[in-house]
Every structure is written in C-alpha cells, then in structure tokens.
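Single-structure report; data block below.
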Amino acid sequence: MKNQDKIKQLINRREEAAMGGGQKRIDSQHKKGKYTARERIDLLLDEGSFEEFDMFVEHRSTNFGMDKQHFAGDGVITGHGTIDGRIVFLYSQDFTVFGGSLSETYAQKICKVMDMAMKVGAPIIGINDSGGARIQEGVNSLAGYAEIFQRNIMASGVIPQISAIFGPCAGGAVYSPALTDVVIMSDKTSYMFVTGPKVVKTVTGEIIETEDLGGASVHATKSGVAHFRADDEDEGIMLIRKALEFLPQNNLEDPIQTQCSDPIDRLNDELNEIIPENPSEAYDMKDIIYTIVDKQEFLEYQRHFAKNIITGFAKFDGFPVGIVANQPNYLAGVLDIDASRKAARFVRFCDAFNVPVITLVDVPGFLPGSRQEHGGIITHGAKLMFAYGEATVPKITITIRKSYGGAHDVMSSKQLRGDLNYAWPTAEIAVMGAKGAVEVLESRHVNKMTAEDAADYIAEKEKEYTDKFANPYEAAKFGYIDDVIEPRNTRFRIIRGLKTLAGKKETNPPKKHSNIPL
Ligand code: HXC
C-alpha cells in the first residue's frame, strides 16, 4: 500500500470509529432525547482540545457470535482535553455500541485514562450511559468493573472525580459513580439502581416503575445518591464545568483564585434587618448566602436533599470556598440524620481539596424522637463532628442566630478547631432554648403551683434565662467567639478572614487512616 493510501486508510478508520454503532443507533439515541458519547465530549471540552486514546481497541470475546461483531473503540471513548484551559481526563460510554456495555478491553481503556489522570494530577470525568456488564463476556466484565472501582478508591481525595449519568447505570456499575465526588443525573433520561424493576418484582413482589425506583428525581431528593439533578444533558455538562471551577487539579494544589469585580468591602445594610424579632420565625438562609458571596453566585450541592442544611460552592474575592449553612426555613434548620450525612460528606470533600469551609449557623439542635435515635442519629451526627474536627482547611464560622447544645459544638465550633468564629448580635449560643431549660430546672417547683401562678413563673424564668444566655456575649466572654460583628460587614469579615488564614498549616497526627463513624 502506498503511503498516501495508508493515510487515507487512517482517515477512513477514524471516520468509521466516529460512527460508533452506526447511524441507525445514533438516530435512536437522539430520539430518546440523548446526545451521543462524542457529542457530549464536544460540548464538555474547550473547542478542539480533545485528544482521543485507544480509538482502535476492539474486544477479544468470541462467545455468542461476538467474533463477528466488532466496533472500533469498543463502546467507550476515552482521552483528555481541557476545560477553561485546564487539563482533564475523561471517558464517555457509547450506548450505540453493544448498549455501552462494559467488556474487558473497554474497562482497560477506562483504567488507562484513570491511571493517566492520577499520574498527571488532573480531574477525571466519567459520562455514563451503559447497559452494564457485557453479558457475552461473563466474569471478565466483572473483573473490569472491579479494576475501575479500585482506581476510584485510590483516586479519592487525590484528584477530583466527576460522574455524569445520562442514561442507564444499573447493577454493580452504579458503584463507580458512587465512589466519586460529584454525581450529576439528567432528569427523565437517566436512572441508577442496584437491581431493576423486574428483579425487584421477582424478589420482593413490589411493583415499581424505573423512574420511581432510580430516576434523577428520586436520587436527588430521597437517597442523596445524586448531588445534582440537571434538567437535561446540556445543563448536566454545564454543571461538570462549573463544579471544576471550585476545585484544584489535585490535592496538592489550591483552588484557583479568579479576578473578582465584586467589591470586597461591599456593605449589606439589608442584613442588619434580616433576622425576625420573633426567634421562632423562619427566614431564608439562602438570602444571606446570595448577599455575601461574589456576584450572587452559589453552586448548591445536593439542593433537593436534606434541605434543612445547605451545602455548596461560592467565591469570596474570587477565591473558592465551600459553604455549609443551617436552613431555618426547612424543619427549623434542625440537624437530623440526612443533614448530618450530607454536610459531613461535603466538609470532607472540601477538606480533601483544600477548599476553605465557611459555616453559617442557625441550629436549634438535633431532631428528637425514636425514628432518629433508632436510625442512628448518634453515629450520623458524629460523622459531621468528625468531619469538622478532622478538617485542616481554613474554617470560618458565623453564628447568625441559634446555636444550641450538641449542635453548637458540631457546627464548626472553636473547640473543633474553628479558626475564626464570629457571631451576629442576634446569636443565641447556649446549652438549650429557654423553654426546655426552664422545664428541666423548674418542673419540681412549678408542679406545686396553681396553673395561673405556674404560667407567670415560667414566663418570668424564661425571660431570665433568655436575658442571661440567648446572646453571643456569654460565649464571647470565654473567647469561644472571636468577635461579635455587624451583619452588614459579614462579607468583608469573611474575605479578610480568608486572607488571614491563607497561609494556615495544620496537620493531623500520623496514622494509617481515621476510623470515622461510617
Ligand atoms: C451486551 C447489551 C447489554 C449488555 C444492552 N445491550 N445491554 N449487550 N451486554 N449488558 C445491547 C442490546 O442487545 C442492543 O443491541 C443494544 O445494546 C441496545 O439495547 P436495547 O435493549 O435495544 O436498548 P433499550 O431498549 O434502550 O434498553 C436498554 C437497557 C436494556 C434497559 C439497558 O438493554 C437492558 O436491560 N440491558 C441489560 C441490562 C443488564 O441486565 N445488564 C447486566 C447487569 S449486571 P443491538 O445490537 O440490538 O443494538 C451488571 C453487573 C455489573 O451490570 C457488576 C459490576 C460489579
């Protein structure tokens, strides 16, 4: 063959590989409202930056007539490119080739880019759209999954790992995304479950539709498996790019500070008025967050799950931070099992990637009751405490209003190595609320009184307790609060705090790893 023909052959082979499972299957993918694996890559990466690996890899199976069916690339597209100029590695599963199912060689392709990402110290992104293990390959396919899982585990806390689920993700395949830092699901076109509706029906008799069992909505609101539910794939892809803005390339680097046009000393007079006079009245903590962060931009993580606590990324003077905030607007901002799990994971995510944590506190305590106790609120609450106490990134805590009991300690208190602990004048930092305290302290006394006398006496004692303890100054007196600040200054005080703490160096004692109460 002449050299020119060899070049033509290369071009032809590339064109053929780019067609995946063929036009008919591509059309079918589009009909389902889905992009193809290659279209997703084009949308995700900076234009012209994609470089593909292993385009000519083929499977080695001969079972069930597989020796007669070969597609270049074998159902997954792998390689690297840039997002906002920063290197990322990625793989994108191609549903048009054997339903995107995973073979031995397909797994090897994914492992290769994962290994490269680790060597280079760059994020890895997986776009999932697959029928699971390639049935014709048997155990080789299972082994392939396990190779990927092991790499996910080793990469955890070293490089950011992002998973987008844009189609089926079922069986053991779900565990790769579950091991990663960010899971994004597209609404109505994706699902994740360990066993599908048919198996569920056979084993338990339960009849349930795919969407109700493992759709994006379920995982974003009920299970917490998905951190983001995107309206469609375009939004999902935008979310991948957005999430990376707040993260460094790897755990040895800091997140990147960007130019910020929002003045650092912007005063927000409205914050001086935001807390209702009635301490039982709710307000929206997100109003405070959007007011103080750069340009009102907040990327909320797990927005629809455990809404009594808010987690997400924002910037102050262009520097990325993670925000954890109780939400008085939902269940009074109480800490329960789901809220504790959600915030604990987020704090550890931030700490792993050197993202400072800003905590905004308005928490009445832990949610009481047998459901919570029997569900293990002790262990789950301990997770959040552990996460804060172990974190060595800069930690700034602002107590906005309530901070009671064990929940006070948990929410990035001074004694859990909070670096800067500020409070608004509206803060109430105490062992418990006035009502509960008076009930415990005075019940024996009150029992001997007439109902009328008792009511007056209780009101008087509650006032006494409130005057004494429902303020920030008791805590400030002991140095547990570094300063009581005017609410309108909060943005400036956080930015100055972050600058002050920029050189913070804190390490934990050497150990194999901690034994966080999982
Ligand atoms: C090989 C597969 C496949 C698989 C789909 N295909 N799944 N080939 N192995 N696992 C092929 C189909 O034969 C078909 O080929 C093409 O992909 C598209 O599939 P359709 O069924 O036509 O598509 P659709 O109707 O959209 O249904 C998608 C689906 C369904 C729901 C994913 O295909 C399905 O249920 N597949 C099997 C899922 C499964 O049981 N996987 C194994 C799970 S166990 P043609 O040639 O017609 O285009 C597992 C264990 C992992 O994954 C453990 C890890 C530890």
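Do you know which residues across the range 168-183 are open to solvent by 40 Å² or more (accessible area, probe 1.4 Å) and more than 9 Å from the ligand (Cβ to nearest atom)?
Ala178, Leu179
Could you please find all residues in the range 1-21 being exposed (fewer than 13 other Cβ atoms within 10 Å of the Cβ) and outside any helix (DSSP H, G or I)?
Residues satisfying the conditions are Met1, Lys2.
Taking the stated definitions as given, is Asn251 in a loop (DSSP other than H, G, I, E, B), touching a helix residue (DSSP H, G or I) at 6+ places or on another chain (Cβ under 8 Å) and under 22 Å from Gly157 (Cα atoms)?
yes
If you scan the range 145-167, which residues turn out to be open to solvent by less than 40 Å² (accessible area, probe 1.4 Å), closer than 22 Å to Arg348 by Cα and not polar (S, T, N, Q)?
Initially, the range 145-167 is screened for residues open to solvent by less than 40 Å² (accessible area, probe 1.4 Å), giving 145, 148, 152, 155, 157, 159-167.
Within this subset, residues satisfying the condition of being closer than 22 Å to Arg348 by Cα are 152, 155, 157, 159-164.
Answer for the range 145-167, where residues must be open to solvent by less than 40 Å² (accessible area, probe 1.4 Å), closer than 22 Å to Arg348 by Cα and not polar (S, T, N, Q): Ala155, Gly157, Ile159, Pro160, Ile162, Ala164.
Of all residues in the range 433-482 being of a type in the set (D, E, K, R) and open to solvent by less than 60 Å² (accessible area, probe 1.4 Å), which is modelled with the lowest pLDDT?
Here is the first cut: in the range 433-482, the residues of a type in the set (D, E, K, R) are 435, 439, 442, 444, 448, 452-453, 456, 460-464, 467-468, 474, 477, 482.
Checking which are open to solvent by less than 60 Å² (accessible area, probe 1.4 Å) leaves us with 442, 461-462, 474.
Working: Glu442: 84, Lys461: 88, Glu462: 88, Glu474: 95.
Top of the filtered list is Glu442.
If you check Lys198, Lys295, Lys222, Lys242, which single one turns out to be within 21 Å of Lys342 (Cα to Cα) and out of contact with any strand residue (DSSP E or B) (no Cβ under 6 Å at 6 or more places or on another chain)?
Lys222
For Ser130, state whether it is more than 14 Å from the ligand (Cβ to nearest atom), open to solvent by less than 40 Å² (accessible area, probe 1.4 Å) and closer than 21 Å to Leu213 by Cβ.
no
Just the residues that are at pLDDT 95 or above, outside any helix (DSSP H, G or I) and within 14 Å of the ligand (Cβ to nearest atom), please, taken from the range 135-167.
Result: Ile165, Phe166, Gly167.
Write out, first by first residue and then by second, each pair whose Cβ atoms fall under 9 Å of each other, whose residues are 6+ apart or on separate chains, and whose first residue, in the range 194-214, is touching a residue at least 24 places away in the same chain (Cβ under 8 Å) while the second is open to solvent by 90 Å² or more (accessible area, probe 1.4 Å) and assigned to a helix (DSSP H, G or I).
If the second residue must be open to solvent by 90 Å² or more (accessible area, probe 1.4 Å) and assigned to a helix (DSSP H, G or I), the pairs left are Val194/Tyr175; Thr195/Val203.
The values are calculated or read from the model by the stated rules, or taken from the named source; none is laboratory data. Note that the coordinates shown come from a computational prediction; the quantities given were computed from them, not determined experimentally. We place every Cβ from the backbone using ideal geometry, glycine too, and count neighbours over all the protein chains shown. What goes into the accessible areas is simple: the full protein's heavy atoms, side chains included, and nothing from ligands, DNA or RNA. Shrake-Rupley method; radii C 1.70, N 1.55, O 1.52, S 1.80 Å.
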